[in-house]
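Enquirer: Quick one: the structure is below, and I'll ask about it shortly.
Just so it is clear, none of the values below were taken in a lab; they were calculated from the coordinates. Keep in mind that this is a model prediction, so the values were computed, not measured. Reconstructed Cβ throughout: ideal geometry from the backbone, glycine too, with neighbour counts over all protein chains shown.
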Amino acid sequence: MAAGVPGLFRRGARLLTRYVKAHPVPFIISIFGAAIYAGAAVGTTIILGRITNNVIVPTFESGRPEAKAVWYTGLALLLVGLLRASTIILRRYFAALLTYRTQRDWRRKLADTYLSVPLKYHRETPTGELLAHADADIVASSEVINPLPFSIGVVTLVVFAIISLATVDWFLMLVAVVLFPLLAIINRMYTSRAEKPLGVVQERVGHVSRIAHESFDGVLMVKTLGREDEEVERLEGAADQLRAARVGLGRIRAVFDPMIDALPNLGIIALLLVGSWQVSIDRLNTGDIVQAAALFGLLAFPMRVFGYFLQELPRSVVVSARLDKVLAAPHEPGAAT
């Protein structure tokens, strides 16, 4: 399975490239918003460090800070906060727009395929499976788009954060340099273990949909033959298989999700240990430590989103392959598309 991870990422990159090429403008705008957000987020931590040195520490030392420092830092914090809020709206709106347009493209292609394939294809393929392709599979194949702009923005955020930490202290920067590769390694391990279970889950979703639709479609026949109990047992068996597959996938996530969540917090602990020593020898001041700790705290949620992106990528690759297989079905000669 490990050997298949690079291939999975290559397939994922090809899939995302296909989505972006179809609708480049929303993607570019959402990436622009994510990049500006990254810069504003790092700017917030710098302002917090200045507030600590120019407002909070003087308050403890003399009982009253300079009014000018309070107004300037407060205004700067407000402006950066407004910039962050506007870029969040920009990123989320256009990422959602790209997701919607991608789903629309899939549905149009599937509708054209369903109308142009021979009737034999519809007789041989359960209706529930066709419905699963047109609904659950399309949503699953495009879900990876939502965290994509923010995940790319995380790369920008990490670069800005490392530069900011380097201006504070090289020892603190080394903590970040060690932390980020560890996160990438953990996510890679998750991807290698989750690809196959994700495929099984999607197959069993289609199986449950197929059985449910067959029961509804043939309800008169079921009642006439008195097969209600058999149909209930059949659906319960399929539902149990789906539940078992999802529980198995949940167990995998239960191992890796806490590790991903804990890494930034461990980084903050290491930063406080190193930073306290640096303060004790007068190499750093309190504002520097606050700025660095805020940076690590800031990275916790974006790293979580990046981890979610890497978790969704295998599912999108697997499901899009199922959809491409449907689109590749032979069309009836002369059928309208």
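Enquirer: Filtering segment 133-185 down to residues that are of a type in the set (Ser, Thr, Tyr) and surrounded by fewer than 23 Cβ atoms within 10 Å (Cβ to Cβ), which residue is farthest from Met303 (Cα to Cα)?
Expert: Taking the candidates together, the pick is Thr167.
Enquirer: Which condition breaks for Val200 when tested against (1) more than 22 Å from the chain's Cα centre (by Cα); (2) under 30 Å from Val154 (Cβ atoms); (3) of a type outside the set (Gly, Ala, Ser); (4) surrounded by 17 or more Cβ atoms within 10 Å (Cβ to Cβ)?
Expert: (1)
Enquirer: May I ask you to verify whether Arg188 is among the basic types (Lys, Arg), in contact with a helix residue (DSSP H, G or I) (Cβ under 6 Å, 6 or more places away or on another chain) and surrounded by fewer than 21 Cβ atoms within 10 Å (Cβ to Cβ)?
Expert: Criteria not met by Arg188.
Enquirer: Just one of Thr99, Thr73, Thr87 is surrounded by 15 or more Cβ atoms within 10 Å (Cβ to Cβ), over 24 Å from Ala292 (Cβ atoms) and out of contact with any strand residue (DSSP E or B) (no Cβ under 7 Å at 6 or more places or on another chain); which is it? Steps first, answer last, please.
Expert: Numbers: Thr73 fails: over 24 Å from Ala292 (Cβ atoms); Thr87 fails: over 24 Å from Ala292 (Cβ atoms).
Criteria check complete, one pass: Thr99.
Enquirer: In the set His213, His207, which member is in a helix (DSSP H, G or I), in contact with a Ser or Thr (Cβ under 6 Å, 6 or more places away or on another chain) and surrounded by 17 or more Cβ atoms within 10 Å (Cβ to Cβ)?
Expert: Step by step, each of His213, His207 is checked, and only His213 is in a helix (DSSP H, G or I), in contact with a Ser or Thr (Cβ under 6 Å, 6 or more places away or on another chain) and surrounded by 17 or more Cβ atoms within 10 Å (Cβ to Cβ).
Condition check ((1) hydrophobic (A, V, I, L, M, F, W, C); (2) in a helix (DSSP H, G or I); (3) out of contact with any Gly (no Cβ under 9 Å at 6 or more places or on another chain)) across all residues:
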| residue | (1), (2), (3) |
| --- | --- |
| Ile89 | yes, yes, no |
| Tyr93 | no, yes, no |
| Arg104 | no, yes, yes |
| Glu129 | no, yes, no |
| Ala132 | yes, yes, no |
| Ala136 | yes, yes, no |
| Ala140 | yes, yes, yes |
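Enquirer: Say we look at segment 241-292 and pick out the residues that are in a helix (DSSP H, G or I) and of a type in the set (D, E, K, R); which of these is surrounded by the fewest Cβ atoms within 10 Å (Cβ to Cβ)?
Expert: Here the residue is Arg251.
Enquirer: Can you tell which of Ala76, Ala22, Ala69, Ala85 is under 23 Å from Leu299 (Cα atoms) and touching a helix residue (DSSP H, G or I) at 6+ places or on another chain (Cβ under 8 Å)?
Expert: Values: Ala22 fails: under 23 Å from Leu299 (Cα atoms); Ala69 fails: under 23 Å from Leu299 (Cα atoms); Ala85 fails: touching a helix residue (DSSP H, G or I) at 6+ places or on another chain (Cβ under 8 Å).
Matching residue, one of Ala76, Ala22, Ala69, Ala85: Ala76.
Enquirer: Next question. For Gly153, are the conditions met, namely being under 22 Å from Arg84 (Cβ atoms) and either within 27 Å of the chain's Cα centre (by Cα) or part of a helix (DSSP H, G or I) (or both)? Give the steps one after another, and end with the answer.
Expert: On the way: under 22 Å from Arg84 (Cβ atoms): yes; either within 27 Å of the chain's Cα centre (by Cα) or part of a helix (DSSP H, G or I) (or both): yes.
Yes, satisfied.
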